[in-house]
Amino acid sequence: MPKQIHKLLTASVALALTAGLFGADPAVAALGDPHVIPPDPVAVDDVEALLRIYTPLPGTTAGRRVLAVDPTAGARCGNAAAEPVPDGQPIRVSLPPAPTFTVGAIAAASWRNPPVADATWRMQYQGLMWIKPLARRAAADSQAESLAALVAQAAAFHRQNPDPGTNNYGWDEGTALRRLETENCLYALTGSELLRPGMTADAKVLLGSRYYGPPYRPVHNHGLMANLQLIRAGDLLGVPAWKKTATGRLTSEATKAFSARGLSYEQSSMYHGVNTRLWASAVSVLRATPGSQDTAATIDKTVKKARNAYEWLTEPDGSIVQVGDSDNAGGPVPTLRTPRVLRDDQAGWGIGRWSWTDPRAVYYTVRYGPKRWAHGQHDRAGGVTFSAAGVRVLVGPGRYSYDLGDSYRAYQLSPNSHNVALPEGGKVTDAGGKVTANVVRAAAHNWTVQDKMFGTSHTRGVNVNRDTRTMRVTDTFPDRSRWRQYFHLAPGWTLVPGAATSTKMVFAHPSGRRLTITTTGRVSGAVQGITRPPQGWNFPQYGSRVRAYEIVIRSYARSSVTSFQVS
């Protein structure tokens with residue numbers, strides 16, 4: 001039989017990064033906090049997986065039970081590897097760009113000095129996430145020897161790389177919770193006590209000061225993920241104290257994850273969906289926990305609000321608006337029927353729409369509010385998005401990378417990649433904006449946002465008109481006479497030759513729509529696809545970039561108005 005090499009990373013990472021299910025805390029990472037880890041490229045227990053029942057296979061191999069310890073183990077282990085994992089054959093794994101390695105023959109030194117520097121790759125490797133699809137396939141095919149080899153490899157990690165008591169060498173909370181997830185999968189499939197010491201070590205990380213949640217950190221999806229895995233591990237190993245602690249955390253943290261209007265505090269449209277799904281999973285877990293039914297019912301009310309808010313974060317074209325670290329991903333099918341405005345001063349969102357059913361309806365967002373955190377970006381000084389007539393016009397950058405050394409990541413976070421105004425010499429501060437006026441009429445919505453985000457007083461007025469399909473943005477810096485407006489068009493718009501002046505530009509869209517931009521300032525540039533430094537990019541999916549116009553308008557007065565009209 002030819003040797004089988006399991007190529008796992010490219011498929012699993014592409015799938016889950018596209019799905020965008022989990023991620024790190026780039027706001028804290030930007031401050032150089034070693035506690036932060038990269039995005040999670042593999043789905044943990046999605047709500048469907050938590051509820052799905054996997055029927056055990058009746059077969060056995062060499063008298064050993066396969067998939068008989070926990071009837072839900074298969075679903076909880078995620079997708080099976082595409083290729084078989086036959087007994088008696090070396091299990092060779094390809095995680096590009098590293099060389100292929102063999103299960104049971106991994107060099108002990110590689111756990112502390114992995115062959116790849118990329119933090120996301122290391123999280124996959126040290127978190128043993130590559131074991132899950134192999135284990136699922138081995139169990140489904142009744143390959144008990146291969147399953148035992150995977151168990152032995154997980155146990156070897158802990159012998160060869162014990163917890164140093166710090167975040168080093170794969171012992172941060174994020175990698176530990178993913179490793180515990182893998183070990184939960186293996187224990188559910190095999191019941192092997194070889195896994196208990198390692199599971200205990202990983203649980204200790206999540207129960208101590210490295211836990212990503214109160215009292216050490218604000219409520220975050222990492223803490224929620226950790227608690228779901230602790231509950232699972234506590235059930236499997238018969239350690240009720242783990243489950244009690246995790247359940248208590250869920251109970252106390254649920255009210256701190258979302259605003260009163262149901263929006264996540266993680267400042268990202270995509271991660272709002274992540275948190276909504278995770279807390280729905282928590283509701284399912286609590287419902288099955290004796291004495292927690294009332295708590296489950298209370299959290300479920302919050303989840304319902306979050307689901308409604310997620311509909312507001314979904315544009316008329318059916319995909320979510322790209323605000324914060326977000327991919328251009330599909331959103332929920334709307335169930336709401338009353339349009340107009342969602343205003344949330346706690347989370348810093350203004351969202352307006354004129355229809356829930358018309359894909360051509362005008363839709364916009366205005367960002368303000370708390371200081372940047374979690375998956376937020378520098379858009380809180382009245383940063384906007386705008387769509388009309390079935391096309392996206394002004395957009396956020398999306399997310400490209402969580403690598404601190406990546407120039408495109410720096411661009412994705414910077415104010416320059418957002419639809420905001422920047423004073424000459426201004427520096428980013430934590431001072432987000434606040435809404436000082438908001439008028440909602442049948443055909444037009446008006447917002448006034450004041451801030452000192454860049455170290456000086458600034459007022460932005462945003463007027464959106466349904467009938468003329470226009471967004472008008474007015475910026476005022478009373479103490480500055482030199483400043484710039486940055487605006488970013490969605491991919492697909494092209495500059496119409498010969499139609500540009502210093503105060504007017506016209507763009508065409510493949511749909512046949514036209515965009516006319518007029519300003520009382522002066523257009524100083526309309527660029528796309530510049531690499532050094534990055535300018536004029538949109539990131540539709542993690543790790544993917546496409547050219548898109550970045551427009552810079554200079555002002556030498558204290559106030560300037562720029563309008564965007566779709567025809």
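The values are calculated or read from the model by the stated rules, or taken from the named source; none is laboratory data. Just so we're clear, the structure is a prediction, and the values are computed from it rather than from any experiment. Cβ placement follows ideal geometry from the backbone for every residue including glycine, while neighbour counts extend to all protein chains displayed. Quick note on the areas: whole protein, heavy atoms, side chains included, nothing else; ligands and nucleic acids left out. Shrake-Rupley method; radii C 1.70, N 1.55, O 1.52, S 1.80 Å.
Just a few scattered comments:
- Boolean, residue 419 is part of a loop (DSSP other than H, G, I, E, B) and either in contact (Cβ under 8 Å) with a residue 24 or more places away in the chain or open to solvent by 10 Å² or more (accessible area, probe 1.4 Å) (or both): yes
To keep it simple, each residue is scored yes or no on (1) open to solvent by 20 Å² or more (accessible area, probe 1.4 Å); (2) over 25 Å from residue 490 (Cα atoms); (3) out of contact with any Cys (no Cβ under 8 Å at 6 or more places or on another chain).
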site: 351; (1), (2), (3): no, no, yes
site: 358; (1), (2), (3): yes, no, yes
site: 369; (1), (2), (3): no, no, yes
site: 383; (1), (2), (3): no, no, yes
site: 396; (1), (2), (3): no, no, yes
site: 402; (1), (2), (3): yes, no, yes
site: 427; (1), (2), (3): yes, yes, yes
site: 440; (1), (2), (3): yes, yes, yes
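- Of all residues in the stretch 306-315, at least one satisfies being of a type outside the set (S, T, N, Q) and either modelled with pLDDT under 95 or outside any helix (DSSP H, G or I) (or both).
- The set of residues in the stretch 482-501 being open to solvent by less than 60 Å² (accessible area, probe 1.4 Å) and either aromatic (Phe, Trp, Tyr) or more than 34 Å from the chain's Cα centre (by Cα) (or both) consists of 483, 486, 487, 493, 496, 499, 500.
- Of the residues making up the stretch 151-181, those that are aliphatic (A, V, I, L, M) and over 30 Å from the mean Cα position of the chain (by Cα) are 151, 152, 155, 156.
- When restricted to residues that are in a strand (DSSP E or B) and under 20 Å from residue 416 (Cβ atoms), the stretch 554-567 contains 5.
- Within the stretch 507-553, the set of residues being under 28 Å from residue 401 (Cβ atoms), in contact with a His (Cβ under 8 Å, 6 or more places away or on another chain) and not in a loop (DSSP other than H, G, I, E, B) comprises 538, 550, 551.
- The residue list 247, 255, 276, 289 contains one member that is farther than 23 Å from residue 373 by Cα, assigned to a helix (DSSP H, G or I) and of a type in the set (Val, Ile, Thr), which is 247.
- Candidates 475, 479, 467, filtered to the one that is of a type in the set (Asp, Glu), out of contact with any helix residue (DSSP H, G or I) (no Cβ under 7 Å at 6 or more places or on another chain), modelled with pLDDT of 95 or more and open to solvent by 50 Å² or more (accessible area, probe 1.4 Å): 467
- Of all residue pairs spaced 6 or more apart or on separate chains, those with beta-carbon atoms under 6 Å, a first member in the stretch 161-174 that is open to solvent by 50 Å² or more (accessible area, probe 1.4 Å) and a second member that is among the polar types (S, T, N, Q) are 169/161.
- The single residue among 190, 120 that is over 28 Å from residue 223 (Cβ atoms), of a type in the set (Ser, Thr, Tyr), open to solvent by 10 Å² or more (accessible area, probe 1.4 Å) and touching a residue at least 24 places away in the same chain (Cβ under 8 Å) turns out to be 190.
- Matching option when the condition is closer than 30 Å to residue 363 by Cα and hydroxyl-bearing (Ser, Thr, Tyr), among 314, 289: 314
- So residue 295, is it touching a strand residue (DSSP E or B) at 6+ places or on another chain (Cβ under 6 Å), of a type in the set (S, T, N, Q) and in a helix (DSSP H, G or I): no
- With respect to the conditions (1) out of contact with any Gly (no Cβ under 8 Å at 6 or more places or on another chain); (2) closer than 24 Å to residue 217 by Cβ; (3) surrounded by fewer than 19 Cβ atoms within 10 Å (Cβ to Cβ), residue 300 falls short on a single one, namely (2).
- The condition (being part of a helix (DSSP H, G or I) and open to solvent by less than 40 Å² (accessible area, probe 1.4 Å)) is satisfied by just one residue among 134, 128: 134.
- Whenever a residue of the stretch 200-223 is within 14 Å of residue 375 (Cβ to Cβ), its partners that are among the charged types (D, E, K, R), lying with C-beta atoms within less than 6 angstrom and at least six residues away or across chains, give the pairs 212/173; 219/253; 219/256.
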